[in-house]
């Protein structure tokens, strides 16, 4: 209760700050973690940056909490995995370790003693983190190590939608077609794209379906009730009513691949879908060739602006997922709720309580705002009790998120992202697309991952990659038409069984039950 | 007694004499040894010291526990590897791809060197050499990009030519039966020119007097090449061949990673790419070390065999 009161005062205070110098908030000392200034070493390495002692957000956090972080991660190494391996092999860990791949790393080396289990610390010293976990038990389950302990505080993205279907709506209008509502209509639309020359150059060069990642093409099996993944990683497992399964052994997948192979053969799918790679979207859209794709909302909608003058009438808008053969509309991709990023306390840390309190600061309203929006008066202003980015930030030629990274906001420390930060600078087409997806209930229950214990991991490591590679090998052969799925199916399932598929599912299931079933 | 004592003590003066000779030799030639030193240090630091880490192939390795405190697991990783059909296939593919590279790729630099040697116009010679060396300096990423574009089914140069000749387009990079040809061909195109430098140097070392007397005897240019140049550079050719055989299990890993697809694993998946997929997913360094050790042992045996054969046949050998 007192905490809440403190929070309220500090919010009132900080919203009153606009006219007053920034020192005002620190006076109450609500977030002070230690009486004496405390300096902690941190190794924080991600693909984009290492922790910077000069970030404004770090300085502000230090002012509010009296804890100052000092980066010890190498500025010259570019690979986070290597940086971490060097660190852990040396054995002399700094107080805090964070960055990319942190979940894998702490859940592997935590039980061996390299990191501090946080369960008790969270209960006693981190009321805000505890409140978050109480509200989101599935997230708490997903970060547990195999020994049932929490070893890191994750970065928690906000927002539901990541990717969706996009179609050339101007081509639809040109050919007098209506937006496809189900898979059969989609088939007709794509056939028309192929045959009726929507780009009007007299050549039959349209590419009805294209994908930057060929895995996204496979995801289209959801139109035939198949599944490909339950998480934001390709080819992952998924959960159906508490049971772990893999999409690539399902009947819907079989139907889906059979039909995708047919579409491929008929030229509805980019002939080069497996090799065209990341440049395909830019190339096919700017040359007025591509008809439809499944890709990120933010970047894909951007072409509506950037190609406006280059391609006449260009309009590439989101398409609600067409209904599958059984009439279900499914968008399989969703933003991850919890990331393999964040920070952890290492065994050498002598100020574990203070560190925990410091971590908790970023789950208070003020701390969360600091981590999301940067500094009040510099990056944002409080308007009607809400942080709103300043005009010069929104209108700057540099992307908003890049400007925030520069001051240390939106950095993947352990914090809960606030989607409203992104809404403020998303282009209008993206907002429109997300609104369209929000009308329906297209998302599926996500699979947030499991931590395998040593025995389970041994089984998984030995078998899974081999099975997965075999699945992918057959998958591409089927889509390309060099093999026939219906002829192969029985031997395919038998082969997967022989490779130990059941034992992999079994260890995944036992790890899942341990973490998620109460 | 005295005799025995005397005979026992004789080795000492012998040794002394020997070591004195060594010291004298070192003092005289110290500059040469000094020049050798960096290479020796390089070998120790980068090749001998890491051998200590090879033991993780027999351990359940944890980076945090360190090499010494990780528990031993014997040959478990080797069992795991050899019970995996995909690993066996990867070995076969590696041997096939390297074998093809060796058979088709090895003679070409030699032929190139001989051809360059026959060019009389120095300007043309230099230009031609530069052109064939160039691909060597292009990074694998760009080469892979060029290959993917050239073999693309819709707009690739190769398929456009096929279409012009009345054939249907082929999606080469997803066809297992085409992968080796494309990969080996690309490798030859990229490296043949640069590889010819060694042979050119060897050709330059052939004594001109041999050619002069051959001219007097009325030999044709072809006869000179066949009877003088090739026999003279044969030792170089054999040494290069032995070295190549030693590297037979090391296939250009980045190129394969960028060119292969699950659809072409059947012929394209080699030992290094297999380890990359298995190791990256779960950070199985111990398993990767086991595969690497296996690789090295096979390569070592191959080098010894090649060396012995070469020694018997032509009296040329590495040691």
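Quick note: the coordinates plus some simple rules give every number you see, no bench work behind them. This is a predicted model, so every value here is computed, not measured. Here Cβ is always computed from backbone atoms with ideal geometry, including for glycine, and neighbour counts include all displayed protein chains.
Miscellaneous remarks
- Relative contact order computed over segment B:75-314 (Cα-Cα under 8 Å; 6+ residues apart), in percent: 32 percent
- Three-way shape call for segment B:75-314 based on the alpha-carbon gyration tensor, with the a/c threshold at 1.5: oblate
- Within a Gaussian network of chain B (alpha carbon springs, distance under 10 Å), most fluctuating of B:22, B:132, B:157: B:22
- Most to least packed among A:90-101, B:210-221 [average Cβ atoms within 10 Å]: A:90-101, B:210-221
- Mean per-residue shielding of peptide B:54-62 is 1, counting Cβ atoms of other chains within 10 Å of each Cβ.
- Degrees separating the helix A:352-361 axis from the principal Cα axis of chain A, which is the longest one: 60 degrees
- Scoring A:251-260, A:125-134 by mean Cβ neighbours within 10 Å over their residues and listing the highest first yields A:251-260, A:125-134.
- Burial order of peptide ranges B:135-142, A:489-496 (average beta-carbon count within 10 Å, highest first): A:489-496, B:135-142
- Listed residues B:45, B:203, B:17, most fluctuating in chain B (Gaussian network, C-alpha, under 10 Å): B:17
- Cα-based helix-to-principal-axis angle, A:454-480 vs chain A, degrees rounded to 10: 30 degrees
- Remark: segment B:130-263 projects, on average over all directions, an area of 11.5 nm² (convex hull of Cα atoms).
- Helix-only [θ]222 nm of chain A, DSSP H runs n ≥ 4, -39500 (n - 2.57) each, per residue, nearest 500: -13000 deg cm²/dmol
- Size check on the protein assembly as shown: the Cα extents along the three principal axes, sorted descending, read 102, 89, 56 Å.
- Note on B:262-273: average number of Cβ atoms from other chains within 10 Å of each residue's Cβ is 3.
- 0 to 90° range, to nearest 10: angle between helix A:485-498 axis and chain A longest Cα axis: 40 degrees
- Look at the stretch B:74-84: the mean tally of other chain Cβ atoms within 10 Å of its residues' Cβ atoms is 1.
- Look at the Cα gyration tensor of segment B:25-149: its axes a ≥ b ≥ c give a/c of at least 1.5 with a/b at or below b/c, and that counts as oblate.
- Remark: A:463, B:20 ranked as B:20, A:463, counting other beta-carbon atoms within 10 Å and listing the fewest first.
- Extension gain (nm, one decimal) between residue B:230 and residue B:78, 0.36 nm per residue minus Cα-Cα: 50.3 nm
- Whole-number percent relative contact order across chain A, with pairs defined as alpha carbons under 8 Å at least 6 apart: 21 percent
- Neighbour-count ranking [beta-carbon atoms within 10 angstrom, fewest first] of B:227, A:462: B:227, A:462
- Span per principal axis, largest first, for the Cα atoms of segment A:360-477 (Å): 55, 36, 29
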